[in-house]
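**Student:** Below you'll find the structure I mean.
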Amino acid sequence: MSAPDDHVTPAKPPVTVLGLGPMGQALAGAFLAAGHPTTVWNRTASRADSLVARGAVLAADPAEAVRAAELIVVCVLNYDAALAVLDAAGDATRGRTVLNLTADTPGRAREAAGWAEAHGVTYLDGAIMTPAYTIGTPDAVFLHSGPRDVYETHLPTLNALAGTATYLGADPAGAASYDVALLDLWWTSVSGLVHSFALARSQGVAATELAPYAKNIGNLLASTIDDMAKAADAGDYQDDVSDLRSTATALAHIAHASEESGLDASVLRAAQALADRTVADGYGSQGVLRMMGTIAGEGDLTSRTPTA
Ligand SMILES: NC(=O)c1ccc[n+]([C@@H]2O[C@H](COP(=O)([O-])OP(=O)(O)OC[C@H]3O[C@@H](n4cnc5c(N)ncnc54)[C@H](OP(=O)(O)O)[C@@H]3O)[C@@H](O)[C@H]2O)c1
């Protein structure tokens, strides 16, 4: 007969979560669900109520929260707020590992890593690429950067959060670099979708009537991304389907149609202005990818072609 403690599961490491907006609550909830003793702190304490009901410990202040675990996950509005909360914890942060899942710029991620070094804190940065309701499910996508050994040490704990977690390297700004580029794609695309709904409505077409055709366009965009990315990295800006002169004319007529209907066409006019400037610089026979040079403020893009 085996001793009763033969099958005792090893205790999961404790985790602290600072910040309980929708995302911080989801993170803390996923740690709890995976069996991690979870300590939380939020500027507005009442946002911890449902987590406390599920077994989380609410710390009285950031320092108490930080003392409760080796791994401190921070997820607040922006890096100003993140560093303010960490500063408020004072010396308690020394020797701990901070995983900052707050979204901000690559520059701010490097700044936060500098703050951490100056305060004796080990720093990981991260970006969450899916909404709060995905956290703890197979759909959740996380990107991480910082020291590999630290990331690997905490990976078993971080597996409570993510369907997919990808390590992007030691540069603390790696995750934020992907995050801002992907959010650029998301928000410019969503702005286009919203504008197209408004343009359709101005012509008496409901958004739901347009939707099946809009989905075709979304699929078309998705199907061109790999080829466009390869061409962008290779510096190959030719496009056999349509050149920039034609693109600029198309953008002008859609903007004009919007203005004829009394709509704000600034989203389209901004894209048209980029195309027009690229044509004026002498690249009208090339494809839309050539606008990367105009966006970067450079005529000659060859010096900026990445090696990856
Ligand atoms: N929600 C999502 O689906 C999602 C998806 C991907 C990434 N993110 C990123 O995750 C981060 C958190 O997002 P969120 O949706 O949870 O909510 P949020 O509205 O971006 O942030 C709210 C959190 O920040 C705290 N906060 C704001 N200013 C503060 C300050 N000066 N000092 C201390 N705490 C402060 C709030 O505390 P109080 O409760 O006291 O106001 C609350 O805990 C953001 O960077 C966001 O971009 C969110």
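**Student:** For helix 148-158, report the angle its Cα long axis makes with the longest principal axis of the Cα atoms of the chain; keep it between 0 and 90° and round to the nearest 10°.
**Tutor:** 80 degrees
**Student:** I've got another one for you. Run the helix sum for the chain: -39,500 (n - 2.57) per DSSP H stretch of 4+ residues, divided by residue count, reported at 222 nm to the nearest 500 deg cm²/dmol. Could you put the intermediate results ahead of the total?
**Tutor:** Details: 11 runs with 149 residues, N = 308.
When only DSSP H runs of four or more count, the value is -15500 deg cm²/dmol.
**Student:** Could you tell me which of I135, A116, A65 has its Cα farthest along the dipole of segment 50-197 towards the positive end, charges placed at Cβ (Lys, Arg +1; Asp, Glu -1), taken about the Cα centre?
**Tutor:** I135
**Student:** Put a dot 7 Å past each Cα toward the Cβ at E298 and R67; how far apart are the dots in nm?
**Tutor:** 5.2 nm
**Student:** For H144, H253, what ranking results if the residue with the fewest other Cβ atoms within 10 Å of its Cβ goes first? Before the final figure, lay out each step's value.
**Tutor:** Numbers: H144 24, H253 11.
Going from least to most buried by this count: H253, H144.
**Student:** Where a ≥ b ≥ c are the square roots of the eigenvalues of the C-alpha gyration tensor, would you call segment 206-304 rounded, which needs a/c under 1.5, or, failing that, prolate if a/b is larger than b/c, or oblate? Working shown, then result.
**Tutor:** Values: a/c = 2.45, a/b = 1.37, b/c = 1.79.
Because a/c hits 1.5 or more and a/b fails to exceed b/c, segment 206-304 counts as oblate.
**Student:** Follow-up. Could you state, as a whole-number percent, how many of the C-alpha pairs of segment 133-288 are farther apart than 19 Å?
**Tutor:** Numbers: 8421 of 12090 pairs.
Beyond 19 Å sits 70 percent of the P(r) for segment 133-288.
**Student:** Run the simple label-point estimate for S261 and V190 please: 7 Å along Cα→C-beta, distance reported in nm.
**Tutor:** In this crude spin-label approximation the distance works out to 2.2 nm.
**Student:** Taking the chain as the reference, fit the longest principal axis to its C-alpha atoms, fit the long axis of helix 106-118 to the helix C-alpha atoms, and give the angle between the two in degrees, 0 to 90, nearest 10.
**Tutor:** Roughly 20 degrees, rounded to the nearest 10.
**Student:** Please get the size of the charge dipole for the chain, origin at its Cα centre, with Cβ charges of +1 on Lys and Arg and -1 on Asp and Glu, quoted in debye to the nearest 20. Let's see the in-between values first.
**Tutor:** Values: 18 positive and 34 negative charges, 121 e Å.
The dipole of the chain has a size of about 580 debye.
**Student:** Using the number of other C-beta atoms within 10 angstrom as an exposure proxy, rank T134, T294 with the fewest first. Walk me through the numbers on the way to the answer.
**Tutor:** On the way: T134 18, T294 21.
Ascending Cβ contact count within 10 Å gives the list T134, T294.
Values in this text are rule-based calculations from the coordinates and carry no lab data. Computed from a predicted structure; not experimentally measured. Reconstructed Cβ throughout: ideal geometry from the backbone, glycine too, with neighbour counts over all protein chains shown.
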